[in-house]
Amino acid sequence: MARGAPLPQSDTMLEEVYMKSIRMIEAGKPLELRDIPIPDINEKDVLVRVRAAGICHSDTHYRAGRSAMGFLPITLGHEVAGVVDKVGGQVMNVKVGDRVCLHYNLTCGDCYSCSSGDEQFCDTVKMLGHHVDGGYAEYIAIPARNAIQLPDEIPFEEGATLMCASATALHALGKGRVKAGETVAVFGVGGLGLSAIQLARAMGAVEVYAVDIKQDKLELASEYNAIPIDASRVNAVAEIRKLTKGKGVNVSLEMIGLRKTMEQAIDCVGNLGRAVMVGLNQQPIEINTYKQVLGKEAEIIGSNDHLLQELPMLVDMARRKILDTSRVVSQVIPLDAQKINQRLDDLELFTNDVRAVIVP
Ligand SMILES: [Zn+2]
Ligand SMILES: [Zn+2]
């Protein structure tokens with residue numbers, strides 16, 4: 001503050017300028033509560049009052065320092081929904097008071113990749129809560145093009161989580177080119193898998209096989225009309241072959257990131273099948289190129305993240321309950337560093353499968 005400037009009149013005045021945020025100060029250390037200035041916005045930005053921010057498994061990698069951050073200290077949180085609080089002079093797509101959820105990849109919209117619709121390869125792509133400040137805070141500033149209208153029917157908590165796992169599942173099904181009348185196998189019934197099962201049905205898949213080793217997840221998958229395959233008891237590939245009368249599935253999605261399930265996902269597709277790799281895995285896998293790929297003209301397809309242009313349709317599917325998101329969020333917690341660190345510890349150690357959302 002400049003010398004001679006008047007002191008703030010009251011605490012309320014301070015509250016208007018500063019906000020609470022839960023920041024990563026140092027890699028490998030717990031996140032900490034910090035009061036930081038409410039961010040400024042540019043002409044094409046919006047300021048969003050955060051109403052929900054999902055705690056995602058990838059946040060554990062960021063906190064641990066396993067992935068390079070844009071800068072430190074930084075606010076984590078890439079699954080965000082809220083209410084538009086302020087708009088820049090050139091913003092046309094949203095107005096103050098609108099409910100929105102936020103696409104987490106900030107892209108330029110102008111480079112070659114962006115103009116050809118492949119914005120995940122944007123020359124300057126930055127991720128919310130990873131390269132720039134994210135949503136573990138009371139407010140977030142973001143380019144207006146990243147704000148998607150969130151209908152009243154979808155609670156903020158569900159809108160926030162839609163922006164990560166469900167969006168990635170929709171993109172993966174698109175990469176697999178699922179068509180009406182086809183069969184699909186989903187390996188891993190977590191957030192990605194449960195969305196994929198429902199979206200595959202919506203795209204016309206006649207049968208969806210859900211492979212997992214946990215009984216409760218398999219039961220949940222059956223509630224969404226998938227045929228459960230318990231890989232702790234049977235050979236998943238043999239079972240899929242048996243159930244498809246020897247043909248194999250048209251499309252498989254690997255959502256776990258394990259060598260074994262990747263190999264199974266490739267092995268279980270039939271002639272002209274498409275095996276889509278979504279789970280992250282650094283280890284090499286083994287493929288019999290004749291038997292598994294060229295002999296049946298199968299394809300192994302990589303799927304990475306999702307696109308801004310896919311999100312309005314996804315939100316609409318959730319609004320119409322074609323995609324049920326009501327059972328995704330199992331816990332709501334306040335903007336509290338200790339509670340957030342606890343949830344991240346649980347995710348890191350797989351001690352608790354709770355999907356928590358911060359409601360500041
Ligand atoms: Zn996420
Ligand atoms: Zn670009």
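The values are calculated or read from the model by the stated rules, or taken from the named source; none is laboratory data. Every value quoted in this text rests on a predicted model; they were computed, and no experiment measured them. Virtual Cβ from ideal backbone geometry, glycine too; neighbours counted across all protein chains shown.
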*Among (1) away from ligand 1 (no atom under 16 Å from the Cβ); (2) closer than 12 Å to Val80 by Cα - the single one Glu158 does not satisfy*: (1)
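Here's the yes/no breakdown for (1) within 16 Å of ligand 2 (Cβ to nearest atom); (2) closer than 28 Å to Asp123 by Cβ; (3) at pLDDT 95 or above; (4) under 22 Å from the mean Cα position of the chain (by Cα):
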residue: Lys44; (1), (2), (3), (4): yes, yes, yes, no
residue: Gly70; (1), (2), (3), (4): no, yes, yes, yes
residue: Val96; (1), (2), (3), (4): no, no, yes, no
residue: Cys101; (1), (2), (3), (4): no, yes, yes, yes
residue: Leu106; (1), (2), (3), (4): yes, yes, yes, yes
*Within region 151-169, track down each residue that is more than 19 Å from Val186 (Cα to Cα) and not acidic (Asp, Glu).*
Pro151, Ile154, Pro155, Phe156, Gly159, Ala160, Thr161, Met163
*Name the one entry in Asp212, Asp152, Asp216, Asp230 that is without any contact (Cβ under 8 Å) to a residue 12 or more places away in the chain and of a type in the set (Asp, Glu).*
Asp216
*Take Asn271 and decide whether it is surrounded by fewer than 16 Cβ atoms within 10 Å (Cβ to Cβ) and at pLDDT 95 or above.*
yes
*In region 62-83, which residues are outside any loop (DSSP other than H, G, I, E, B) and either free of Cβ contacts under 8 Å to residues at least 40 places away in the same chain or among the polar types (S, T, N, Q) (or both)?*
Thr75, Val83
_Of all residues in region 105-123 being in contact (Cβ under 8 Å) with a residue 60 or more places away in the chain and within 16 Å of ligand 1 (Cβ to nearest atom), the one that is surrounded by the fewest Cβ atoms within 10 Å (Cβ to Cβ)_ = Gln120
_Failed criterion for Glu153 (all others in (1) surrounded by 24 or more Cβ atoms within 10 Å (Cβ to Cβ); (2) outside any helix (DSSP H, G or I); (3) of a type outside the set (A, V, I, L, M, F, W, C) hold)_ = (1)
*asked:* Going through Lys321, Lys339, Lys296, Lys260 one at a time, which residue ends up being touching a strand residue (DSSP E or B) at 6+ places or on another chain (Cβ under 7 Å) and without any contact (Cβ under 8 Å) to a residue 24 or more places away in the chain?
replied: Lys339
*For residues that are farther than 25 Å from Lys126 by Cβ and within 25 Å of the chain's Cα centre (by Cα), tally how many sit in region 286-316.*
4
*asked:* Yes or no: region 292-305 includes at least one residue that is within 27 Å of Arg145 (Cβ to Cβ), of a type outside the set (Phe, Trp, Tyr), out of contact with any Asp or Glu (no Cβ under 8 Å at 6 or more places or on another chain) and not in a loop (DSSP other than H, G, I, E, B).
replied: yes
*Would you list the strands (runs of 3 or more DSSP E) that sit entirely within region 178-234 and hold 1 or more residues that are of a type in the set (S, T, N, Q)?*
183-187
